[in-house]
1. Would you confirm whether or not region 397-416 contains a residue that is assigned by TED's automatic domain parsing to the domain that holds residue 571, free of Cβ contacts under 8 Å to residues at least 12 places away in the same chain and on the phi < 0 side of the Ramachandran plot?
2. Regarding region 314-323, can at least one residue be identified that is surrounded by 18 or more Cβ atoms within 10 Å (Cβ to Cβ) and either touching a helix residue (DSSP H, G or I) at 6+ places or on another chain (Cβ under 7 Å) or free of Cβ contacts under 8 Å to residues at least 60 places away in the same chain (or both)?
3. Pick out the one residue from 120, 96, 53, 127 that is out of contact with any helix residue (DSSP H, G or I) (no Cβ under 8 Å at 6 or more places or on another chain), touching a residue at least 40 places away in the same chain (Cβ under 8 Å), surrounded by fewer than 14 Cβ atoms within 10 Å (Cβ to Cβ) and not in a loop (DSSP other than H, G, I, E, B).
4. Does residue 461 meet the test of being buried (at least 21 other Cβ atoms within 10 Å of the Cβ) and under 38 Å from the mean Cα position of the chain (by Cα)?
5. What residue, of 58, 108, is crowded, with 21+ Cβ neighbours inside 10 Å, more than 26 Å from the chain's Cα centre (by Cα) and at negative phi?
6. What helices (runs of 4 or more DSSP H) lie completely within region 249-338 and have 3 or more residues being within 24 Å of the chain's Cα centre (by Cα) and more than 30 Å from residue 357 (Cβ to Cβ)?
7. Only residues that are surrounded by 15 or more Cβ atoms within 10 Å (Cβ to Cβ), closer than 15 Å to residue 415 by Cα and touching a helix residue (DSSP H, G or I) at 6+ places or on another chain (Cβ under 9 Å): list them for region 557-576, please.
8. Is it the case that some residue within region 81-89 is over 27 Å from residue 641 (Cβ atoms) and outside the structural domain of residue 386 (by TED's automatic domain parsing)?
């Protein structure tokens, strides 16, 4: 059901603005809209940018702390914990500690990052100096004299072998080589008279000169680097431990983040208001059934203010608020993915939810898969929040229909287990439709499609009546609903296996009669040339109608695919399980993994294609959409669930 909206007009003293916004937030029933400017007023100036930047810094610190703590160690790391309203308002006193945490987390994060940078550098240094640990001499020993030059560095093993042969023909050169895991450690001394040729040979061998100097040996320098590496690792670990020690701050910091988020909401709401030197003016939308609650909240403030309620203007755009039962509300997410309902139309979710569940269950049509969908879907519905929870509800309810269809088709993981079968076999049964043999379940899918189109035209009638256009509802809705009913009866009559051939003539007469009415009334709002074109347009529209009906063949195709795969998995698995050999384990694994995989793939296809049938074939008959969901003040709590029943007089607060 789409709630009727009322318009709230309010004027209050400027210094009471915060109190008023706090009171309205408690109702969860007020969406503030932008107030029109006048010559005597101006838009209220708020600190949105400053608050937004401040909130970002808080959430950055929160993210760092939370990343160091697992939900098992601290349950408050997981969002969605309950907080009383008094505790929520008291979060204003946490600002000093929150600011301290932002600075502390920034320092610890930089400390950890610096330690990691040093660790990476030292790791590279250790890798570079390790080969020189085989040298007993200090690096300073590798120096030349007045008549000699010394070279210390690394060569690859193949390059050294080539260089060794070349040096045999070069006089006045002495060298020593030590094989290491990283290559060949090479130390040489030559007379300066052959230095140019010697360096040329080293360059050709890709000689890497030692980058180290000083009086320490390679082993001593390696030991120093390793000691410094341990120090940096301890430094990093200490920073991590300090961050983990802040786990106790997760709960109050999350509450404070949502509190600052609410302050930001109030700042954004305030920027939509008009103000004079002493008074602020506000306009807002309120659900009609919440009007008394909003009045009570404003009256409880006991401050000077003026407010009144009125109906929105006919041309005014109104936000949409839907209120449905616990079953239907899960499907609101499906509708909203297409387009939120227009606030002035009828809510399609009740009818759509039935057909969505019916088709989802028809595609799965298996008792085992239905049970898995119910268990998994309702578990997600209970444990998760937001759209994911609603999706779990959709799958859980679809699982109920899948289980019922599974009984009718006598299918448990693709196997026949019941002593009866109501529906024809999806893989083998055939129906004769007007003398043409077609898969029986395909014919049933087409009939289900006609039924949904029939319901869509009834919704069109209801929509037009709701819009005070009853005759449009009759000619654009009921007439085509009658045509759909005639088409349904005709298809049933033409299907020889139903043995209801008498319905063929009845359905044909009904469909033909309503089609004639549709042709002659299609251009009722047009002048004469338009009447003709609209009439022929209705006749041409039959092509679109039957194309839409054929779209429901996808129900059969998806169902058949899943059923065949399920049967193959079960047949092979049962053969392994009953073999009496070690293949029993393989059979159990194949049964479990195969059916989980088939369920996941089939459910993905069923979810997408069932939604497509609602969006195109069903909604195309009557749905207007293009609405915007009602967004009340205080509805953007990111981390907490705010409990009711802890009333407290709102006070002025500042983040």
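1. Yes, region 397-416 contains a residue that is assigned by TED's automatic domain parsing to the domain that holds residue 571, free of Cβ contacts under 8 Å to residues at least 12 places away in the same chain and on the phi < 0 side of the Ramachandran plot.
2. yes
3. Values: 120 fails: touching a residue at least 40 places away in the same chain (Cβ under 8 Å); 96 fails: touching a residue at least 40 places away in the same chain (Cβ under 8 Å); 53 fails: touching a residue at least 40 places away in the same chain (Cβ under 8 Å).
Sole residue among the options that is out of contact with any helix residue (DSSP H, G or I) (no Cβ under 8 Å at 6 or more places or on another chain), touching a residue at least 40 places away in the same chain (Cβ under 8 Å), surrounded by fewer than 14 Cβ atoms within 10 Å (Cβ to Cβ) and not in a loop (DSSP other than H, G, I, E, B): 127.
4. Details: buried (at least 21 other Cβ atoms within 10 Å of the Cβ): yes; under 38 Å from the mean Cα position of the chain (by Cα): yes.
Against the criterion (buried (at least 21 other Cβ atoms within 10 Å of the Cβ) and under 38 Å from the mean Cα position of the chain (by Cα)), residue 461 qualifies.
5. Details: 58 fails: more than 26 Å from the chain's Cα centre (by Cα).
That would be 108, the only listed residue that is crowded, with 21+ Cβ neighbours inside 10 Å, more than 26 Å from the chain's Cα centre (by Cα) and at negative phi.
6. Working: elements: 250-270, 291-299, 332-338.
Correct list: 250-270.
7. First, pick out the residues of region 557-576 that are surrounded by 15 or more Cβ atoms within 10 Å (Cβ to Cβ): 557-563, 565-567, 569-570, 572-574, 576.
This time we only want the ones that are closer than 15 Å to residue 415 by Cα, so: 559-563, 565-567, 569-570, 572-574.
Selection gives 559, 560, 561, 562, 563, 565, 566, 569, 570, 572, 573, 574.
8. No, region 81-89 contains no residue that is over 27 Å from residue 641 (Cβ atoms) and outside the structural domain of residue 386 (by TED's automatic domain parsing).
The values are calculated or read from the model by the stated rules, or taken from the named source; none is laboratory data. Since the structure is predicted, the reported quantities are computational estimates derived from the model, not experimental observations. Virtual Cβ from ideal backbone geometry, glycine too; neighbours counted across all protein chains shown.
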